[in-house]
Amino acid sequence: MVVVGLVGNPNVGKSVIFNNLTGAHQKVGNWPGVTVEKKEGECTHKGTKIKIVDLPGIYSLTANSIDELIARDFIIEEKPDVVVDIVDSTNLERNLYLVLQLLELGAKVVVALNMMDLAEYNGIKIDINELERRLGIRIIPTVATKKIGMKALCDAILEVARHDKEESKFAYPKDLENAFSEIAVTVKEAPELRKYNPRWLSIKLLEEDREIIEKIRKTKDAERIFKTVERVKEKLSSRYDDLIIAIADARYEFISKILKGVMVKPRKKELTLTDMLDEVFTHKYLGIPIFLVFMWTVFQFTFTVAAPFSDAIDLAFAISADFVRSTITPAWVASLIADGIISGLGFVLVFVPNIFFLFLALAILEDSGYMSRAAFIMDKLMYKLGLHGKSFIPMIMGFGCNVPAIMATRTIESEKDRLVTILVNPLMSCSARFPVYVLFGSIFFSYYVVPVIYSIYLLGIVLAILMALLFRRILATGKPSPFVMEMPPYLIPSAKSLVIHMWERGSMFLKKAGTFIVSGLLLIWVLSNIPWGADIGDTLIGALGHAIQPIFAPFGWDWRIAVALFFGFIAKEIVVGSLGILYNTGEDVTSLKAPIENAMTPLSAYALMAFVLIYTPCIATVGAIKQETGSWKWTVIAIAYELLLAYVIAFLIIAIGTFLGFG
Amino acid sequence: MKVEQIPKVVEATDNQKEARIPLSFCREGDVCTILGFEQRVGRRFIQKLTSMGLVPGVEILVVRNNFPGPLIVEVKSTRIVLGHGMANRILVSSKR
Amino acid sequence: MYEKINHSKYTFIYSGVLGTLYMVYGIAEMFYSIGIDLNNFLLFPFWSDPFAGFSLLVVGLVFVYPLISRKTETPEKFAYVYVGGILATILLVTHILVILANYIECYILLSEDFAGWTWWNDFNPAIPLGLLALPTMVLFYRSNVLQGSQKS
């Protein structure tokens, strides 16, 4: 079996190639000890099995980010037979930077020169044979989206795996090479460092690589090695101001040397799609309003346009519930199925169209490349609010679901910025809370339902900003860290990738529905029917409700609300579903109107909406927080502060509202 | 405007009239050559910048400058967003 | 910065007029949504959602921008016309989808909330204006801007 590591810069089509090669034979998990996703797959070519490991998208192999460390460690520890670097052929100069570092590391490299169709469109010509000769490695042209070049790539992989590594053609200027050799000599003598390429270690030492320095510090020869490094640095300092830059420089000089005559680029004459869109979308004054228009469109799309589908589902569930009730005996089984399972599930699935439409809209924004422009536009504002520009995208995603939003914070390099973004994210009102707002909003505020719901979303945003400022002060993070981000060219997203992204996120919701929500609702149904036939206030769930209710007495919420909130911890979607069971109204939402209207006032309803907005995130989100922060401490802090904040805000709403006479 | 790789710029000599200014001061449409980074940038970000193509000697095109806000620059066929703080610490010489 | 695009100067006049229309209707709609009664003013019904008016206003600004901008480079100015067209089309499509969705609610699902609804209820200036903006999309399609783009 041949083991292959797949690397490349972000946005070069690595996942497309990975999918092309491995098809359905994929396994997704996590890299051990960290929260980064690991994808592995298999394929068979000419009778040989090839295991392909998808490494994170990276620009280089420094020790500065988890992604780079994972890729590095994989190559050093697992020693794959071949490393395939996927290169964007329209961007050869920069992409080759990573190739050189892979060669330094001692890997056997095959380059997949991807996006050849785009290069051709842009008039870029590359002499592949000559480039292969100058670099000393195999280079295979590919067009991943059209599956061109995949076979040739596999051929190259097998060929390179079988042969020994060739002498690398890449050399630094003489004085640097001498420096490397000098350090390499001392490094070779350390037994613990045997698995590393000595020359690579010397380069890393001169680059002040954190991880390598730590590793060497732990060895017995540490002092000797560091002394040599200092001496060498001293010698070089007369020639070079900054070694790190000098080394980077040398790489780029080598790149331009080998590309001379090998790659021909026409002078860019015409306005490209990206130029044109960016001209307008990143305009200093028009940028934000245009963004707001996009957001409004997404809003309309996910609510109004999805509505008929939701209502159709609602209708379907209502009809089947009725059918069950009238045909199945005994009564308690009918009730279990109709009121428990069908209605419960129905309450949740009614929102599937909204959620899928939302994820589709977000997928369009992301895949087209607009999201990074949105981050650019919002950066200045975010900075003033004490947040990092890259926090913007997770914040937006939080409006769909907080779970993928929290996972999206991985792109933020600074740990502290990332932590603040994660802690504050649940305040972005996710789609699961929406049914609660709709329910109470339409019952108590009818004509004003839209501005009321909008105000709740705004409340969430305002609180998020305040809490972010607070956390920054507590964590003493200082100003947000510098913002550097690549903006990919605009693409017209393919229907296939849109559907895949929409499905990935939407199906997470469905899985939640299938498991947590249904079991939660069943649990509630069971508790509310023991003893069977009794008035609901006297059942087990009534007992639970009455026990909790006193906490919420100041808000004017009765025990049913208390119970619904309690179970809302499992998944916020449950809140509405459980109210349906608790008020015995069965299958449709409109019949909840009467009992709820009698149960509270508009003011306490608004306080309830705010409470649901803020109080502890659902189990799935808690799980995501734990996973991404890697600590129980912060997870607990998140849950605790939100409960506290929710209570305080609800209290303030009631207090201020009563004072103003809304009571 | 195409960005071409030019030979590394040797330390600015006196007979070259070049202004040594922070990138954030450049106008949209300017083509600048990177001269260096301020000390404050830190190893981590220097390496990030260089791995994306921003090395002393390279020519970059300023696409957007929302002073005082982030910039968009184009280097080696890539568009990169740079926060205002970062752009302040990258020193360039600009052809005016 | 860029090479010339071969369109006539009249494009900007059309864009300017169209943009002004968008702005006028947009502002009118925003006034309507906060209670000022202008129903069926200027021929078309308005929505009570202030953001519908806001989006018309923004599209108008984009169309009008080339005329008031101090930039001298024409290729870049055309960008605003094209993008204006794109935004106008997005709004057009959104509004049509809304009407379609409500049509389904009313006639197929027979929902009580929609008793007595006709498609004119949800009509909005964005639709006729969007149709007027379609020529700019044709210009966009015909221009050489799309050549260098790719699918993902």
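The mean number of partner chain beta-carbon atoms within 10 angstrom of a residue's beta-carbon across peptide B:78-90 is 6.
Projected onto their three principal axes, the Cα atoms of the protein assembly as shown cover extents of 88, 72, 59 Å, largest first. Length available on full extension from A:Arg210 to A:Ala547: 0.36 nm per residue minus the Cα-Cα distance, which gives 115.8 nm.
Computed from the alpha carbon atoms alone, the convex hull of segment B:19-94 holds 72 Å³ per residue.
What fraction of the DSSP beta bridges in chain A is antiparallel, stated in percent and rounded to the nearest 5?
Once the DSSP bridges in chain A are tallied, antiparallel ones form about 45 percent.
Legend: P(r) of segment A:278-318 from all alpha carbon pair distances, 10 Å bins from 0, whole percents, reading 27, 28, 21, 15, 9, 0. Among C:97-107, C:81-91, B:63-73, the peptide with the highest mean count of other Cβ atoms within 10 Å heads the list, and the full ranking is C:81-91, B:63-73, C:97-107. Counts of other chain beta carbons within 10 angstrom of each beta carbon in peptide A:279-288 average 6.
Backbone amide hydrogens, once placed in the peptide plane, bring A:Val109 within less than 5 Å of A:Val83, excluding anything fewer than 5 places away on its chain.
Rounded to the nearest 500, what is the 222 nm mean residue ellipticity of chain A from helices alone, with -39500 (n - 2.57) per DSSP H run of 4+ residues and division by all residues?
Taken over chain A, the calculation gives -18500 deg cm²/dmol.
Note on segment A:2-162: semi-axes of the ellipsoid equivalent to its C-alpha gyration tensor, largest first and rounded to whole Å, are 23, 18, 16. If only the Cβ of Lys and Arg carry +1 and only the Cβ of Asp and Glu carry -1, the dipole of chain A around its Cα centre is close to 1180 debye. Positive contributions from Lys and Arg (+1) and negative ones from Asp and Glu (-1), summed over other residues with Cβ under 11 Å from the Cβ of A:Asn20, come out at +4. Averaged over peptide B:28-37, the number of partner chain Cβ atoms lying within 10 Å of each residue's Cβ comes to 1. For A:Lys218, the aspartates and glutamates whose Cα falls under 19 Å of its own Cα, not counting residues fewer than eight places away in the same chain, are A:Asp73, A:Glu77, A:Glu189, A:Glu192, A:Glu207, A:Glu208, A:Asp209, A:Glu230. Along segment A:50-59 the Karplus relation, 6.51 cos²θ - 1.76 cosθ + 1.60 evaluated at θ = phi - 60°, assigns HN-Hα couplings of 10, 9, 10, 10, 7, 8, x, x, 9, 9 Hz to successive residues, with x for each Gly and Pro. From the largest down, segment C:10-143 spans 57, 34, 20 angstrom on the principal axes of its Cα atoms. Relative contact order for segment B:19-94: 47 percent, from Cα pairs under 8 Å spaced at least 6 residues apart, divided by residue count. Only sites in a loop by DSSP and with at most 15 other Cβ atoms within 10 Å count here; which chymotrypsin sites (Phe, Trp or Tyr not before Pro) in segment A:307-415 make the cut? Passing sites in segment A:307-415 do not exist.
Distance cut-off 26 Å, Cα to Cα: go down the list A:Lys27/A:Lys108; A:Lys49/B:Lys48; A:Lys14/A:Lys215; A:Lys169/A:Lys195; A:Lys14/A:Lys49; A:Lys14/A:Lys496 and report the pairs above it.
From A:Lys27/A:Lys108; A:Lys49/B:Lys48; A:Lys14/A:Lys215; A:Lys169/A:Lys195; A:Lys14/A:Lys49; A:Lys14/A:Lys496, over 26 Å: A:Lys49/B:Lys48; A:Lys14/A:Lys215.
3J(HN,Hα) along segment A:598-603, derived from phi through the Karplus expression 6.51 cos²θ - 1.76 cosθ + 1.60 where θ = phi - 60°, amounts to 7, 8, 7, 9, x, 4 Hz, with x in place of Gly and Pro.
Bear in mind these aren't lab numbers, they're just calculated from the coordinates by the rules spelled out. Please read all numbers here as calculations on a predicted model, not as lab measurements. Cβ coordinates were reconstructed from backbone atoms using ideal geometry, including for glycine residues, and neighbour counts include every protein chain displayed.
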